1. Quick test of your reading of the structure: Phe95 fulfils all but one of (1) in a strand (DSSP E or B); (2) farther than 24 Å from Pro202 by Cα. Name the failing condition by number.
2. Do any residues in segment 1-15 that are more than 11 Å from Phe95 (Cβ to Cβ) have Cβ atoms under 6 Å from those of residues that are assigned to a loop (DSSP other than H, G, I, E, B) and open to solvent by 80 Å² or more (accessible area, probe 1.4 Å), where the two are at least six apart or on different chains, and which pairs are they?
3. What are the residue pairs meeting all of these: first residue in segment 164-175, first residue under 13 Å from Ile192 (Cα atoms), second residue in a loop (DSSP other than H, G, I, E, B), Cβ atoms under 7 Å, and 6 or more apart or on different chains?
4. I need a count of the residues in segment 51-71 that are touching an Asp or Glu at 6+ places or on another chain (Cβ under 8 Å) and within 17 Å of Val10 (Cα to Cα).
5. When you scan segment 173-275 for helices (runs of 4 or more DSSP H) that lie fully inside it, which ones turn up with 2 or more residues that are of a type outside the set (D, E, K, R) and either within 30 Å of Tyr292 (Cα to Cα) or touching a His at 6+ places or on another chain (Cβ under 7 Å) (or both)?
6. Taking segment 33-48 as the search range and keeping residues that are assigned to a strand (DSSP E or B) and under 23 Å from the mean Cα position of the chain (by Cα), which one is farthest from Tyr7 (Cα to Cα)?
7. Identify, by number, the condition in (1) over 14 Å from the mean Cα position of the chain (by Cα); (2) free of Cβ contacts under 8 Å to residues at least 12 places away in the same chain that His253 doesn't meet.
8. State all residues of segment 99-119 that are within 20 Å of the chain's Cα centre (by Cα) and open to solvent by 10 Å² or more (accessible area, probe 1.4 Å); if no residue qualifies, say none.
Amino acid sequence: VKKGEIYPYVSILLSVYNEEKNIEARIKNLLELDYPREKLEIMVGSDGSTDETYKIIRRLADENNIRYTVSFQRIGKPAMINKMAKEARGDIFVFADARQKFERNVLKELVKCFVDEEVGVVSGELIIQDKEKGAGRGIGLYWNYEKALRRMESNLGSMLGATGAIYAIRQELFRYLPNVILDDVYIPMNAIMLKKRAIFEPAAKAYDIVASTTKKEFGRKVRTLVGNFQIFSIFSEAFNPFKSKIAFQLFSHKFLRLWMSYFLILTFISNIFLLSKGSFFVLAFFLQIIFYSLALLGYVFEKLGIKISGIGRILFIPYEFSALNAAAVVALFKFSGGRVDARWEK
């Protein structure tokens, strides 16, 4: 990726719902970014918030010259993003969420990459900070694995999406969103299908706190995977290697992941019938029993509120792995039943 020091006009788009606990700190964080203020506009949209979110936004807008819009009925994040994008003046749109925190140099690092004419989307790095709770151990490891995949895909040419909490796109490549769950996949995919690159920039960092329980992470993961099914139906041409440079990545990274649960079940069942074929299959079956027993133990510990510190937190890795694969099964049933809504819950 060719990089250079440039200062295009940037619009930060932040859509929120019932974020009274986070919104003031978030806006202050954006106001402290190291970027020329005359080249930056901050736009905040309150999507049907029923708490004090809108009042806080309005007060901060008056004090700090930021732009805001409001919908007193919930219209969903895609519709709110569309509403802000129509009014945004930036050459580059940067998308953010309410809970995370940006490093001061984020915008400079993101826009450097747009010197390269082949680059259409730039995703920053989201760093998960563990609250020292066992459940977070597996989630943190999973996220590090996911980032490693994205980094390699970026080096190959393009990622398949972006990190929703921190990514940027050229204004001319932005397309208004339909009723989709994953704006951070839909928006980059449009740019990719227009032969532009979606790349990973680790120098642009944001920070977040991991979900405190697997139950919370499970609900978020189900929603994300339902969104993936949506993306497959919208961008079916992306699976065609004659029309898409990311066809293999999309199939191997995103599509096969949704069927891993069924492969795991088939592996376990087939292993039972192979026990008489030698010590290798006995060992494989024994290791599976241990793994799923640890997963069950992790579930019991979380259910009972038992906290584990130190190396014992590794116990939660089998639990997280099993829960995230179970989420894919739930997601398929939800998508097949047509239960897809872009409006999100807190």
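1. Every condition holds for Phe95 apart from (2).
2. Pro8/Asp91; Tyr9/Asp91
3. Leu173/Leu194; Leu173/Lys196
4. So the first thing to find is which residues in segment 51-71 are touching an Asp or Glu at 6+ places or on another chain (Cβ under 8 Å), and the list is 51-53, 56, 60, 66-67, 69, 71.
Pick out the ones that are also within 17 Å of Val10 (Cα to Cα) and you get 66-67.
Selection size over segment 51-71: 2.
5. Working: elements: 183-193, 214-234, 260-273.
In segment 173-275, 214-234, 260-273 are the helices (runs of 4 or more DSSP H) which contain 2 or more residues that are of a type outside the set (D, E, K, R) and either within 30 Å of Tyr292 (Cα to Cα) or touching a His at 6+ places or on another chain (Cβ under 7 Å) (or both).
6. Start the filter on segment 33-48 by keeping residues that are assigned to a strand (DSSP E or B), which leaves 40-47.
Retained after the next criterion (residues that are under 23 Å from the mean Cα position of the chain (by Cα)): 42-47.
Values: Ile42: 16, Met43: 18, Val44: 22, Gly45: 25, Ser46: 28, Asp47: 30 Å.
Here the answer is Asp47.
7. With respect to (1) over 14 Å from the mean Cα position of the chain (by Cα); (2) free of Cβ contacts under 8 Å to residues at least 12 places away in the same chain, His253 is out only on (2).
8. If the condition is that a residue be within 20 Å of the chain's Cα centre (by Cα) and open to solvent by 10 Å² or more (accessible area, probe 1.4 Å), then Arg99, Gln100, Lys101, Glu103, Glu109 are the ones that fit.
The values are calculated or read from the model by the stated rules, or taken from the named source; none is laboratory data. Keep in mind that what you see is a predicted model, and the values were worked out from it rather than measured. A quick note on method: Cβ atoms are made from the backbone with ideal geometry, for glycine too, and the neighbour counts reach across all protein chains shown. Side chains included, ligands, DNA and RNA excluded: accessible areas come from the protein's heavy atoms. Shrake-Rupley method; radii C 1.70, N 1.55, O 1.52, S 1.80 Å.
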